[in-house]
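A short write-up of the structure that comes next.
The values are calculated or read from the model by the stated rules, or taken from the named source; none is laboratory data. Bear in mind the structure is a predicted one, so any value in this text is a computation, not a measurement. Positions of Cβ are generated from backbone atoms using ideal geometry, with glycine treated the same way; all protein chains shown enter the neighbour counts.
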Amino acid sequence: MKRLTAGLLSAILLASLLTGCSEKKISSENALFKSQNVLAATDDHQATEEELRLAYSEFVFGIMKNCAQNADGENVLVSPDSILFAMEMAAAGADGNTLDQMIGTMVPGVSNEEGLAFGINHMNEIQNDSVIVANSMWLNSEKDFYEDYVEYVEKNFDAEVSSIRFDDKAAEQINDWVDDNTDGKIHKIIDGVNEADVLILINAITFDASWKKPCGNAYLEDSTFTNGKGDKEDCEYLMSAEKNFVTDDKCIGVIKDYSDDKYAFLMILPNDGNIDINDFMAEMTAEDYWNLWNNKMEESSLIYFPKFKTDYEVSLNSILSDMGMKDAFGPDADFGNMTTKDAFISQVIHKTSISGDKYGTEAAAVTMGGATSSSGTIINDKIYFNRPFAYAIVDKDTGLPLFLGTVESVR
C-alpha cells in the first residue's frame, strides 16, 4: 500500500580529518565545549533567540546562494540545518582562529559559546513526529582523541559513536548507517576511507509528513512544464485550494500546511517569467526572505503544481571556505581540542533527496487547472506553477527553512 506521507531527507559528511606529520600537545582543558553556557545550553545568552535566528539565516541563504550560482541549470536542494549540525560537531573540537571562523560563518555576530549552544538548541527544537535528526561519529581506532570531546558530541548531539579500523570495510559500515538513517533514500555517502584519516562525522535529517489538506489530481488540457531552458516537459499536476500567501514586489509565495501544524511547504514563483530560478534564489538575501515570510495575506485561490523528484549532491569545501571557514580546510587548521594529531577537514559532502505525492511531500506535487498559460501566473484566482519555481519546508514557529530548493526541471 502506498504511504500517504512524504519523505524528504538530507545527509552530510564531514569527512576525514587528515593527520599531519607532528603531534599537538594542546589539552582540551579549556575547550569551548567545557563552557557552562554550552554544556547546559541555557538561555543566559546576550543575544536573543530572534537575534540568533536572524544571524543563522545569513548562513542559510549564503549556502543557497553559492549552490544556486553553481547549479548550471539543474535543480538544487539543500538542508542548511544538516550542514550546521555536522559542522558544529567539528567546531566543538576546534580552537583559535579555526573556531572563530567556523562559528562566525554559521552564526555570525555572536560569541562562540552562543553559536555552539544555538546549534544544540536548534537541533532539539526542529524535531517532532515529522523530523528525525541522527548524528554519528566514526573514530579511527588507531588514532588518539580527547575523551571529553567524544563524550560532549555523544551527549549534546545524541551522536552514535563507533571506533573502527579505517580499512576496506569501513566505508561499507558507514554507508549502511546512512542508508538506515535516511529510510533508504540515500544509500551511500562515501566511496572509501584512508587509513591515515582521523574522524568522520555525519548528520542525517529525515522529513516525513502528510499534507493537512491532501491535493487533488488535476487533468489539464496542457499538462506540460516549461523548464529553465524553455523546453516543454510532460508532467502530472496536482491541485489544491489555499488561502495563505506571502508576497513582495518580486514574487508570490503559497504556504501549504502539513498535518503536524509545525511545518509548511512554501512555494515561490517569481513575477518575472524570464528570470532563471537559480539566479533568483542566488540573489535572495536573508533580509529578502524575512520580508517575504512576514508579509502574509489571506486570499482564496486554487494552485496547480507539478509532481517532481530531486536528488542532489554537492561538495561544500570551497563554498564553506569562501564563506569564511578558510583555516579549517588547510594547514592552518586547529582542531587541538578534538585530537592529539594535526588535522584539517579534507571533505564535506552534502546529499539530499525529495519526492512526494498528493498526500504529502516526497517532493513538491502540484497541479494545473483548465487554463493553458505557459507564463506561470495568477489567472482568475488560480496560480499555475508551470515554470521554474523555488520552495522551502519551513518551521512555522521560527520561520526558518529546514530545506530550500529550486525546480528548474520536473524530469
Check whether at least one residue in the stretch 218-227 is at pLDDT below 90, part of a strand (DSSP E or B) and either on the phi < 0 side of the Ramachandran plot or not aliphatic (A, V, I, L, M) (or both), and report yes or no. yes
Out of curiosity, is residue 88 in contact with a Gly (Cβ under 7 Å, 6 or more places away or on another chain), assigned to a helix (DSSP H, G or I) and either hydrophobic (A, V, I, L, M, F, W, C) or closer than 25 Å to residue 313 by Cα (or both)? yes
Considering each of 198, 193, 161 in turn, give the residue that is modelled with pLDDT of 95 or more, among the β-branched types (Val, Ile, Thr) and either over 19 Å from the mean Cα position of the chain (by Cα) or not assigned by TED's automatic domain parsing to the domain that holds residue 87 (or both). 161
Which residues, taken from the stretch 313-331, are touching a Gly at 6+ places or on another chain (Cβ under 9 Å) and modelled with pLDDT of 90 or more? 319, 321, 323, 324, 325, 327
Scan the helices (runs of 4 or more DSSP H) fully inside the stretch 256-332 and keep the ones with 2 or more residues being in contact with a Pro (Cβ under 8 Å, 6 or more places away or on another chain). 277-283
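Residue-by-condition table, conditions (1) modelled with pLDDT of 95 or more; (2) crowded, with 17+ Cβ neighbours inside 10 Å; (3) of a type outside the set (A, V, I, L, M); (4) in contact with a helix residue (DSSP H, G or I) (Cβ under 7 Å, 6 or more places away or on another chain):
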| residue | (1), (2), (3), (4) |
| --- | --- |
| 243 | no, no, yes, no |
| 258 | no, yes, yes, no |
| 266 | yes, yes, no, no |
| 269 | yes, yes, no, no |
| 277 | yes, yes, no, no |
| 289 | yes, yes, yes, yes |
| 311 | no, no, yes, no |
| 336 | no, yes, yes, no |
| 340 | no, yes, yes, no |
Within the stretch 69-84, does at least one residue satisfy the condition of being at pLDDT 95 or above, more than 30 Å from residue 230 (Cα to Cα) and not in a helix (DSSP H, G or I)? no
Restricting attention to the stretch 162-205, and to residues there that are touching a residue at least 24 places away in the same chain (Cβ under 8 Å) and out of contact with any strand residue (DSSP E or B) (no Cβ under 9 Å at 6 or more places or on another chain), which single residue is farthest from residue 94 (Cα to Cα)? 168
Residue pairs qualifying under the 6 Å Cβ cut-off, at least six apart or on distinct chains, with the first in the stretch 143-154 being more than 13 Å from residue 34 (Cβ to Cβ) and the second being assigned to a loop (DSSP other than H, G, I, E, B), are 143/198; 144/340
